[in-house]
Amino acid sequence: MVTGKIRRFISETMAELGRCTWPNRQQLFESTVLVVVNIAILACFVAAVDWVAAWVIRVITVGKF
């Protein structure tokens with residue numbers, strides 16, 4: 001009984017995956033580049049915020065610029 005349900009689930013899953021529209025090579029490459037660029041921009045932003053926060057904390061605690 002459980003085996004039949006598992007087989008049915010796998011069969012339905014495979015059928016659904018067959019109906020999906022998959023990206024072609026060009027779309028996949030463009031999406032990957034976009035994600036990598038956005039991650040790099042976000043990393044730079046986080047690094048800048050971290051640097052400013054560290055500077056502010058240093059000024060408050062030590063009192064030197």
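The values are calculated or read from the model by the stated rules, or taken from the named source; none is laboratory data. Since the structure is predicted, the reported quantities are computational estimates derived from the model, not experimental observations. All Cβ positions, glycine included, derive from the backbone under ideal geometry; neighbour counts span all protein chains shown.
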Filter segment 16-41 down to the residues that are part of a helix (DSSP H, G or I) and modelled with pLDDT under 95 and list them by number. GLU16, LEU17, GLY18, ARG19
State all residues of segment 42-65 that are part of a helix (DSSP H, G or I) and loosely packed, with under 10 Cβ neighbours inside 10 Å; if no residue qualifies, say none. ILE60, THR61
